[in-house]
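This report refers to the structure that appears directly beneath it.
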Amino acid sequence: MGMIKTGRKTVLIVAVLAAVLFVAAIVIVSIPKDSGKETLKIISDHVDLQVRNIRFTEVGDSDMTLEITADMARYQKKEKLAFFDKPTVKLLLKDGRTFTMSGDRGRFNTDSKDMEIEGHVVIVSENGDRFVTDRLRYSNAGKLIETEGPVVMENRNIRMSGVGMTLSLEEKKVALLSQVRASYRGER
């Protein structure tokens, strides 16, 4: 009789454990499936890849190398667009000239290699020329940096401000388009 009671207790304990595990399995399996689908759907619809602390190098042609570093990058494959937080973009030209552009946000077209940077944008050349604006576009085909907004250009000799600017990397020319003011800061 003692053996039968023990057997019944064992069967009862196993049955209770099986029921608990079955309920737990339903909870574990069913809840993440629904929420997981939503999370994956949000990511796949808008962002194909997201990376922190990225360094990206593009050798588009023999004339120039483009290097991008950023705190965060998001890539949308369908639109061929990469979005950067706190990007720093270095343009290395074959003749040794460099231009470093930085800002709060950037957008890079992986097909055309064109880029837009906005928010506290600063451009610095290898010889110390410094440009400050709030938004700029870089056209890879024309090797042109341009903005329609207010811009300040300065180096150790001169400070110029204006509205609108084009900087041709091929022709090595800078043009301020309107409301130009200049002051000379030569060494005394």
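Below are the figures for this structure:
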quantity: Verdict on Leu169 being among the aliphatic types (A, V, I, L, M), within 29 Å of Ile54 (Cα to Cα) and at pLDDT below 95; calculated: yes
quantity: Residue under evaluation Tyr138, criteria (1) assigned to a loop (DSSP other than H, G, I, E, B); (2) in contact (Cβ under 8 Å) with a residue 40 or more places away in the chain, criterion not met; calculated: (1)
quantity: Near pairs, Cβ below 7 angstrom, 6+ apart or cross-chain, from segment 153-182 (without any contact (Cβ under 8 Å) to a residue 12 or more places away in the chain) to any residue that is in a strand (DSSP E or B) and aliphatic (A, V, I, L, M); calculated: Ala175/Met165
quantity: Residue in segment 151-166 that is in a strand (DSSP E or B), at positive phi and within 26 Å of the chain's Cα centre (by Cα) present; calculated: yes
quantity: Residue in segment 84-94 that is within 19 Å of Asn53 (Cα to Cα), basic (Lys, Arg) and either in contact (Cβ under 8 Å) with a residue 12 or more places away in the chain or in a strand (DSSP E or B) (or both) present; calculated: yes
quantity: Residue match in segment 102-121 (condition: modelled with pLDDT of 95 or more, part of a strand (DSSP E or B) and hydroxyl-bearing (Ser, Thr, Tyr)); calculated: yes
quantity: Tally of residues being acidic (Asp, Glu) and surrounded by fewer than 16 Cβ atoms within 10 Å (Cβ to Cβ) across segment 145-186; calculated: 3
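The values are calculated or read from the model by the stated rules, or taken from the named source; none is laboratory data. Predicted model, so just to flag it, every value in this text is computed and none were measured. Methodologically, a virtual Cβ is constructed for each residue, glycine included, from the backbone with ideal geometry; neighbour enumeration extends over all protein chains shown.
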